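A.B. asks: One structure is given below, represented as structure tokens, and several questions about it will come after.
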Amino acid sequence: MMSKLQRAVVYGGNEEINKVALENKKVDMLVNPEINGGDKMDSRNSGLNDALCKIASKHNIKIGLDIDYLLKLNDEEKILKLGKIMQNAMLCRKYNVKMVIFDKNGRNEKDLKGFGLCLGMKPGFEVVRC
């Protein structure tokens, strides 16, 4: 009898953590890769880049957004994170990486879909209830 393949969901961190997660074939999803992305003087660090998106696409790993985490941030932090999320959505579209929005509080799915589209997510992304 064959056992099911177990896959993991990894909560994002800095680029090294994100890279290790995306290179692991047992990982199904990387959530909030922009969490610990420290910006540089002349560029925004969103936790993803072209190389990481190529790896995610090759291994069929999804990129997730935890809406509850985002809503708990103060206004200034939200503005910074939204810019990073938009950058990641652009990269995911470019490399055909699937995206997901996590919702723990039963928000309206149409609202979440509209929010994702405003951020630049590709139409057809999933809303997952946890």
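A.B. asks: Relative to a virtual label point 7 Å from the Cα of SER57 in the Cα→beta-carbon direction, which members of the stretch 89-117 show backbone nitrogen distances below 13 Å?
C.D. replies: 90-98
A.B. asks: For the stretch 43-104, just say rounded, prolate or oblate: build the C-alpha gyration tensor, square-root its eigenvalues into a ≥ b ≥ c, call rounded for a/c under 1.5, and beyond that prolate if a/b exceeds b/c, oblate if not. Before the final figure, lay out each step's value.
C.D. replies: Details: a/c = 2.97, a/b = 1.53, b/c = 1.94.
In terms of gyration-tensor shape, oblate.
A.B. asks: Now for a different question. Total Lys pairs in the stretch 70-130 closer than 13 Å by alpha-carbon, pairs eight or more apart in sequence or interchain only? Working shown, then result.
C.D. replies: On the way: LYS72/LYS81; LYS72/LYS104; LYS94/LYS122; LYS98/LYS122; LYS113/LYS122.
Close lysine pairs found across the stretch 70-130: 5.
A.B. asks: Specify the residue with the greatest mean-square fluctuation among LEU52, LEU80, LEU65, computed from a Gaussian network of the chain linking alpha-carbon atoms under 10 Å apart.
C.D. replies: Of LEU52, LEU80, LEU65, the most mobile in the Gaussian network model is LEU80.
A.B. asks: Also, I was wondering about something else. List, in order, the whole-Hz ³J(HN,Hα) value for each residue of the stretch 13-20 obtained from phi through the Karplus relation with A = 6.51, B = -1.76, C = 1.60 and θ = phi - 60°; use x for Gly and Pro.
C.D. replies: x, 7, 4, 5, 5, 4, 5, 4
A.B. asks: With every atom except the alpha carbons ignored, what do you get for Rg and Dmax of the chain, in angstroms?
C.D. replies: Here Rg and the maximum Cα pair distance are 14.4, 55 Å.
A.B. asks: In the stretch 18-116, what trypsin sites (Lys or Arg not before Pro) fall in a loop by DSSP, with at most 15 other Cβ atoms inside 10 Å? Numbers along the way, then the final one.
C.D. replies: Working: sites: LYS19, LYS25, LYS26, LYS40, ARG44, LYS54, LYS58, LYS62, LYS72, LYS78, LYS81, LYS84, ARG93, LYS94, LYS98, LYS104, ARG107, LYS110, LYS113; in loops: LYS25, LYS26, LYS40, ARG44, LYS98, LYS104, ARG107.
Passing sites in the stretch 18-116 are LYS25, LYS26, LYS40, ARG44, LYS104.
A.B. asks: Once phi is turned into ³J(HN,Hα) by the Karplus curve 6.51 cos²θ - 1.76 cosθ + 1.60 with θ = phi - 60°, what whole-Hz value does each residue of the stretch 93-105 show in order, with x for glycine and proline?
C.D. replies: Once rounded to whole Hz, the list reads 4, 4, 9, 6, 9, 6, 10, 9, 10, 8, 9, 9, 10.
A.B. asks: Which listed residue (LEU30, TYR95, ASN18) has the Cα farthest towards the positive end of the charge dipole for the chain, taking +1 on Lys and Arg C-beta and -1 on Asp and Glu C-beta about the Cα centre?
C.D. replies: Value: TYR95.
No lab work stands behind these numbers, since they all come straight from the coordinates. If you're wondering where the values come from, they're calculated on a predicted model, not measured in any experiment. Every residue, glycine as well, gets a Cβ built from its backbone with ideal geometry; the counts of neighbours run over all protein chains shown.
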